[in-house]
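Student: Here you go, one structure.
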Amino acid sequence: MNGYQPLYDMLREAGAQAWADSLPDQLKKSLDPERHGNSKKWRDLIDALSGLKPSLIELDAGVVKIGASADLDTLSPAFFIDCLKQFHPWRKGPYDLFGVMIDTEWRSDWKWNRLKSHIKPLKYRLVLDVGCGSGYHCWRMLGAGAKMVVGIDPLLLNIMQFQLLKQLHGDAPIYGLPVGIEDVPYGMKAFDTVFSMGVLYHRRSPIDHLLELKECLRPGGELVLETLVIDGGSGQVLVPEDRYARMRNVWFLPSCETLLGWMKRCGFINCRVIDVSVTSIEEQRSTEWMQFHSLKDFLDPDDFNLTCEGYPAPKRAIVLADCPD
């Protein structure tokens, strides 16, 4: 766990002593090879790529680029591609890794483009990304000048993808941690910016999630929240009877006015919606790197305005809010 020492030091410096103290045990438990059958395989593959050194790095463009094809001089391209495919499915991206284009399920760059000009500049800020996936947005945050970026996600495959990317990139103030928001000590108040994108509707209690996010922010910090919404006025919310777009763990889809009301009730100020976009089958789709069913398979084949269950098709809002001083 020595590679995490700069993170522990930064957390202590930011006043998050409790998490700095508990995190080593959390990581030891979450990364225990006995907890996941593929853990050792993924770790061995990451280690096998340790000799690669990128000649170029681009973190401030739509495609996160690490290395060029010429940098694979000691490794066959076929072996490198096979290693990357052992981490299937790749859901958030896109990436260009040593000349190999990973066309992920999500065009995560579209989401970033919707919010990047609206948020407070990330330069020199300590940033937390809740539900970070493979870390695409974390790399964009680092490319925007963040002092340190911490991504958390309880799904081990996502964090192994994150660690693979960091291995290829080289040492940097960016960390992907296999923990959930419930593992972060309440009342930490350490981060300048907290992102929660695509998480709220998976939480059984959206109010509790908003309060958890608020307690991660320092006074004056900014929340960047993206979630599924429905059309409607104040107080309107959709609670699917069972599945939503074939997802089991979808609980609450509020209207934008309802969501803003929730955030204000939780103590956020300056709450505002900066974007509302219908998710298209071009933004989320199956690819060579994510070969399972995707959005097109989850919609009514005769009417893409509806899910296969008859609910309104996915529409996502991005909301910004501040933590009071």
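Student: Between a first residue in the stretch 42-53 that is more than 17 Å from residue 85 (Cα to Cα) and a second residue that is acidic (Asp, Glu), which pairs have beta carbons less than 7 Å apart while being 6 or more apart in sequence or on different chains?
Tutor: Within 7 Å, the pairs are 52/71; 53/71.
Student: Among the helices (runs of 4 or more DSSP H) lying completely within the stretch 154-271, list those that include at least 2 residues that are farther than 30 Å from residue 66 by Cα. Even if it seems obvious, please write down each step before you answer.
Tutor: Working: elements: 156-169, 206-216, 256-265.
Qualifying helices (runs of 4 or more DSSP H): 206-216, 256-265.
Student: Shifting gears a bit: Does the stretch 52-69 contain any residue that is closer than 24 Å to residue 181 by Cα and among the acidic types (Asp, Glu)?
Tutor: The first filter runs over the stretch 52-69 and keeps only residues closer than 24 Å to residue 181 by Cα, leaving none.
Looking for residues that are closer than 24 Å to residue 181 by Cα and among the acidic types (Asp, Glu), one finds none in the stretch 52-69, hence no.
Student: Can you spot a residue in the stretch 70-91 that is surrounded by 15 or more Cβ atoms within 10 Å (Cβ to Cβ), part of a loop (DSSP other than H, G, I, E, B) and touching a Pro at 6+ places or on another chain (Cβ under 8 Å)?
Tutor: No, there is no match, as no residue in the stretch 70-91 is surrounded by 15 or more Cβ atoms within 10 Å (Cβ to Cβ), part of a loop (DSSP other than H, G, I, E, B) and touching a Pro at 6+ places or on another chain (Cβ under 8 Å).
Student: Oh, and also: Tell me, yes or no, whether the stretch 296-308 has at least one residue that is closer than 23 Å to residue 120 by Cβ and surrounded by 14 or more Cβ atoms within 10 Å (Cβ to Cβ). Show your work before the answer.
Tutor: Of the residues in the stretch 296-308, the ones closer than 23 Å to residue 120 by Cβ are none.
Among the residues of the stretch 296-308, not one is closer than 23 Å to residue 120 by Cβ and surrounded by 14 or more Cβ atoms within 10 Å (Cβ to Cβ), which makes the answer no.
Student: Since residue 297 meets every condition but one in (1) touching a Gly at 6+ places or on another chain (Cβ under 9 Å); (2) part of a helix (DSSP H, G or I), which condition does it not meet?
Tutor: Failing condition for residue 297: (1).
Student: Could I ask something else about it? Checking the conditions here, which among 290, 263, 247 is of a type in the set (A, V, I, L, M, F, W, C) and over 19 Å from the mean Cα position of the chain (by Cα)? Before you say what the answer is, go through the steps one by one.
Tutor: Numbers: 290 fails: over 19 Å from the mean Cα position of the chain (by Cα); 247 fails: over 19 Å from the mean Cα position of the chain (by Cα).
Matching residue, one of 290, 263, 247: 263.
Student: Still on this structure, I have one more. Considering only residues that are touching a helix residue (DSSP H, G or I) at 6+ places or on another chain (Cβ under 9 Å), surrounded by 14 or more Cβ atoms within 10 Å (Cβ to Cβ) and either part of a strand (DSSP E or B) or charged (D, E, K, R) (or both), which ones fall in the stretch 272-294?
Tutor: Listed by number, the residues that qualify are 273, 274, 275, 276, 277, 283, 284, 285.
Student: Now, a different point. Scanning for something over 21 Å from the mean Cα position of the chain (by Cα), small (Gly, Ala, Ser), closer than 30 Å to residue 14 by Cα and at pLDDT 95 or above, does the stretch 219-230 turn up at least one residue? Working first, answer last.
Tutor: At the first step, the residues of the stretch 219-230 found to be over 21 Å from the mean Cα position of the chain (by Cα) are 219-220, 230.
Checking which are small (Gly, Ala, Ser) leaves us with 220.
In the following step, the residues that additionally are closer than 30 Å to residue 14 by Cα were identified as 220.
Within this subset, residues satisfying the condition of being at pLDDT 95 or above are 220.
Yes - at least one qualifying residue is present in the stretch 219-230.
Student: Now for a different question. Out of 99, 37, which single residue is on the phi > 0 side of the Ramachandran plot and either surrounded by fewer than 19 Cβ atoms within 10 Å (Cβ to Cβ) or under 21 Å from the mean Cα position of the chain (by Cα) (or both)? Quick ask: steps written out before the conclusion?
Tutor: Details: 37 fails: on the phi > 0 side of the Ramachandran plot.
Only one candidate passes the filter, namely 99.
The values are calculated or read from the model by the stated rules, or taken from the named source; none is laboratory data. Small disclaimer: the values here were computed from a predicted structure and weren't measured. Positions of Cβ are generated from backbone atoms using ideal geometry, with glycine treated the same way; all protein chains shown enter the neighbour counts.
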